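Peer 1: I have a structure here, written as structure tokens, and I will follow up with some questions on it.
Laboratory data are not the source of any read-out in this text; all were calculated from the coordinates shown. Please read these numbers as outputs of a predicted model, since none were measured by experiment. Note that each Cβ is placed from the backbone with ideal geometry, even for glycine, and that neighbours are counted across all protein chains shown.
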Amino acid sequence: MAILNSPELSTLLLAALPLTELRGSIPFGVSVLHLAPWIAFFYSIIGNALPVPIIFYLLPKVLFWLEKRVPWLHKHLVLWLEKKRAKFQNSYDKYGALALAIFVAIPLPLTGAWSGAALATILKIKPKYSFPAVILGTIIAGIIVTLIVSGVLGFLAWMV
């Protein structure tokens, strides 16, 4: 339990989780753990980036394992993934890595680094191209969330 006594490490671990990512860890770090916004941002970016290479490495292996071990599930999963691939493939072909970065940068649920890495894997985009795009999107999302939590974006909207 001593590890969780560190607000920085708690923020990092919360950012590494698939449902919260940095969209939850930055507000939690600032509001609950009383970290400075830039510190919560820093640890959230690190935490959110940690699972990305693991996803790039493990997801293809999991999909291959499903193909061999669970043919029925694989059949339905592959059909679903192929539909998703077709849906996003045109955007990727047209906009390249920028589309992936924008997808990850949107600070909404299910559009973070986990989803971006999974999407890149499904679209069969090589990690050497998709990893920088996912990280760029993560940084942009982190900046947006930090500005919202800090009240900067609210203040700017009030000024307009």
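Peer 1: With everything on Cα atoms, drop me the angle between helix 7-16 and the longest principal axis of the chain, reported from 0 to 90° to the nearest 10.
Peer 2: It works out to around 30 degrees.
Peer 1: Please work out the FRET efficiency for the pair Ala36 and Leu110, using the Cβ-Cβ distance as r and a Förster radius of 25 Å; give the result to the nearest 0.05.
Peer 2: E between Ala36 and Leu110, to the nearest 0.05, is 0.30.
Peer 1: Report, in degrees rounded to the nearest 10, the 0 to 90 angle that the Cα long axis of helix 51-69 makes with the longest principal axis of the chain.
Peer 2: Relative to the chain, helix 51-69 is tipped by roughly 30 degrees.
Peer 1: Can you tell me the 0 to 90 degree angle between the C-alpha axis of helix 21-31 and the longest principal axis of the chain, rounded to 10?
Peer 2: 10
Peer 1: Here is a further query. Report the relative contact order of the range 51-153, percent, no decimals, based on alpha-carbon pairs under 8 angstrom and at least 6 residues apart.
Peer 2: 30
Peer 1: In addition: Nearest 0.05, what FRET efficiency do Lys83 and Lys128 give at R0 = 25 Å with Cβ-Cβ as r?
Peer 2: 0.40
Peer 1: Continuing with the same structure: Mean-square fluctuation check for the chain, GNM, Cα pairs under 10 Å: which of Ala101, Ala117, Ala36 is largest?
Peer 2: Per the Cα network of the chain with a 10 Å cutoff, Ala36 tops the list.
Peer 1: Quick check of the Kirkwood formula: for the range 1-97, what is the inverse mean of 1/r over all pairs of different Cα atoms, in Å?
Peer 2: This gives a value of 15.8 Å.
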